[in-house]
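Notes follow the structure.
The values are calculated or read from the model by the stated rules, or taken from the named source; none is laboratory data. Computed from a predicted structure; not experimentally measured. Backbone-built Cβ (ideal geometry, glycine too); neighbour counts: all protein chains shown.
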2 protein chains.
Amino acid sequence: MAPSPREGNPELKDALDENVQLVERTVTRLLPETDLAEAQLYDAMRYGILAGGKRLRPFIVMQSARLFNVDPARAKRVAAAIEMVHSYSLIHDDLPAMDNADMRRGKLSVHKAYDEATAILAGDALLTMAFEILAESDTHEDPRVRCELVAAMAAAAGPQGMVGGQMLDLIGENENFDLGTISRMQRMKTGKLMAFACEAGAILGKASEQQRKALTSYAYDLGLAFQVTDDILDVESDPNTMGKPANQDSQAGKSTFVSTMGKDQARMRAEMLVAQAKRHLHIFEGRAVMLELLADYVLQRRA
Amino acid sequence: MAPSPREGNPELKDALDENVQLVERTVTRLLPETDLAEAQLYDAMRYGILAGGKRLRPFIVMQSARLFNVDPARAKRVAAAIEMVHSYSLIHDDLPAMDNADMRRGKLSVHKAYDEATAILAGDALLTMAFEILAESDTHEDPRVRCELVAAMAAAAGPQGMVGGQMLDLIGENENFDLGTISRMQRMKTGKLMAFACEAGAILGKASEQQRKALTSYAYDLGLAFQVTDDILDVESDPNTMGKPANQDSQAGKSTFVSTMGKDQARMRAEMLVAQAKRHLHIFEGRAVMLELLADYVLQRRA
């Protein structure tokens with residue numbers, strides 16, 4: 001089962017494709033079309049979240065939930081909620097005052113397809129709905145589990161997590177961060193939500209502390225490896241592959257792993273992180289195959 | 001105890017003042033100063049939420065919780081969470097792409113005191129933290145209660161509530177809404193969060209369905225009366241009293257109660273709503289004095 005470096009493992013590819021369908025079906029059901037006067041808001045929310053993407057965070061939720069035999073009907077609600085939070089962050093990050101990106105995955109970004117006000121509100125609405133979904137009894141019969149999901153997602157997405165990381169990223173445009181600060185920024189900006197995606201399965205399945213710790217450790221290493229390869233792809237790739245102009249981050253003067261340690265060192269760092277991520281999964285004794293394949297994929301991906 | 005129309009009832013005034021202190025202490029403890037690289041984010045959050053204001057929503061939470069003997073140490077967490085949501089909405093509403101307001105309560109708005117990106121992120125962070133606070137066990141020992149608070153606040157703040165109302169408000173700049181749509185917009189934009197503030201006490205106190213219904217009915221009438229008097233003050237008041245330029249909404253071409261029904265009709269409508277709001281409180285047999293006084297205050301306020 002030696003995967004082709006360009007294509008990735010076929011088993012993983014099938015599972016990822018199937019997951020994309022699941023996420024889009026679930027999100028479409030949670031965000032139905034409406035003929036209300038404010039329909040534009042729902043349209044923009046759907047446009048922002050149904051704009052494609054690999055749906056990695058939902059995939060990680062579903063796979064980690066599976067390790068503890070969690071009902072997929074429940075796990076997919078958490079998967080949709082995390083994707084809503086991820087999508088809201090992309091919509092707000094693309095705004096003119098932030099990264100000022102007109103395109104996202106080869107399509108107009110939300111504020112270009114609609115307008116800035118609608119994009120701000122669509123992001124706000126997706127974030128708010130995500131918490132509502134977690135708190136509803138369909139997500140888990142035990143309210144303690146639901147509260148834990150809400151608190152953990154908020155911690156991952158808030159000032160100590162994603163939003164704080166985005167603030168650091170913007171500050172980094174005018175300051176030269178050292179490697180420690182870049183790592184901390186990436187851990188906040190993408191690592192914590194990734195870790196929550198992994199942890200969510202463990203929370204839903206009332207897993208042991210040790211299992212939970214193994215999954216979050218895996219996720220942090222995976223997330224950081226993902227970010228390092230993102231920085232590499234950013235300087236390497238052509239605009240068509242990435243769906244956004246290449247070299248965008250380094251042009252904006254942002255500190256990245258590549259700008260700090262160089263491309264070769266960055267690649268070695270990513271390989272080391274992936275190996276480490278997979279070692280954390282050993283306690284699942286081969287039952288976490290998809291999560292292992294996902295780690296390999298991080299080194300193989302071209303976009 | 002005939003209140004002076006300019007000053008309002010002195011007992012209410014004392015209680016409101018005391019509540020302002022409580023809210024600011026609680027929020028300050030929940031948002032401590034930091035020397036982290038991302039300190040600017042926390043500074044902007046504090047600047048946005050500690051910018052003054054009557055703290056009506058927290059006051060309503062504390063007063064409704066008191067009706068059911070809820071521990072104030074719990075209620076004040078919910079009060080702070082609602083104020084965070086209210087503040088986030090003001091920060092985002094003031095952005096150039098939305099209402100483009102440079103001033104708020106006589107001070108620079110957050111995007112003017114900091115910058116647009118920081119204002120967007122500070123709003124996002126306040127919203128996210130609000131849900132985290134509700135989900136934490138310090139808010140209530142029963143996780144069912146906490147989940148109910150999270151789901152109800154999300155419903156009040158999300159696309160079916162505040163965010164949807166704000167979308168309608170923006171659409172209304174280019175369309176002439178009828179009175180029904182204006183009422184629906186205001187119910188979504190401000191009524192639902194006001195109703196949640198009232199309902200929160202009932203949720204915390206595990207009140208009966210009838211008590212809960214009485215409180216939300218009170219809140220909807222109060223919220224609408226508040227909005228009608230806001231529209232009246234907007235055409236009447238001078239810039240110094242309101243802390244923002246007078247006549248702002250009607251200049252932007254927005255449909256308001258005054259633009260639709262005229263000032264005299266609007267004043268009568270407000271009086272009718274306040275009387276109706278107070279009638280809903282009769283089931284508390286005189287124990288909801290402060291909520292009654294608050295309803296009277298809506299007709300007396302000058303700002």
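Brief remarks follow.
- Flag for A:LEU193 being of a type in the set (A, V, I, L, M, F, W, C), more than 10 Å from every other protein chain (Cβ to nearest Cβ), under 20 Å from B:ALA37 (Cβ atoms) and surrounded by 20 or more Cβ atoms within 10 Å (Cβ to Cβ): yes
- Residues that are closer than 12 Å to B:PHE226 by Cβ and acidic (Asp, Glu), drawn from region B:268-295: none
- Filtered residues of region A:82-108 (kept if closer than 19 Å to A:VAL27 by Cα and either in contact with a Cys (Cβ under 9 Å, 6 or more places away or on another chain) or of a type in the set (S, T, N, Q) (or both)): A:SER87, A:SER89
- Restricting attention to region B:119-138, the residues that are more than 7 Å from chain A (Cβ to nearest Cβ) and surrounded by 17 or more Cβ atoms within 10 Å (Cβ to Cβ) add up to 7.
- Residue check for B:ILE91: within 7 Å of chain A (Cβ to nearest Cβ) and surrounded by 24 or more Cβ atoms within 10 Å (Cβ to Cβ): no
- Members of region B:204-220 that are in a helix (DSSP H, G or I) and surrounded by fewer than 24 Cβ atoms within 10 Å (Cβ to Cβ): B:GLU209, B:GLN210, B:GLN211, B:ARG212, B:LYS213, B:ALA214, B:THR216, B:SER217, B:TYR220
- Which listed residue, of A:PHE59, A:PHE68, is more than 17 Å from the chain's Cα centre (by Cα), closer than 28 Å to A:VAL145 by Cα and either touching a residue at least 40 places away in the same chain (Cβ under 8 Å) or in a helix (DSSP H, G or I) (or both): A:PHE68
- Subset tally (residues that are within 7 Å of another protein chain (Cβ to nearest Cβ), modelled with pLDDT of 95 or more and assigned to a helix (DSSP H, G or I)) for region A:139-176: 14
- The selection criterion, being within 25 Å of B:PHE131 (Cα to Cα) and outside any strand (DSSP E or B), does not hold for A:ALA97.
- Qualifying residue in region B:44-57 (condition: at positive phi, buried (at least 20 other Cβ atoms within 10 Å of the Cβ) and away from chain A (no Cβ under 14 Å)): yes
- Restricting region B:10-43 to residues that are more than 19 Å from B:ILE120 (Cα to Cα) and among the acidic types (Asp, Glu), the residue that is farthest from the other protein chains (Cβ to nearest Cβ): B:GLU11
- When region A:17-56 is filtered for residues that are of a type in the set (Gly, Ala, Ser) and touching a Leu at 6+ places or on another chain (Cβ under 9 Å), the ones remaining, listed by number, are A:ALA37, A:ALA44, A:GLY48, A:ALA51, A:GLY53.
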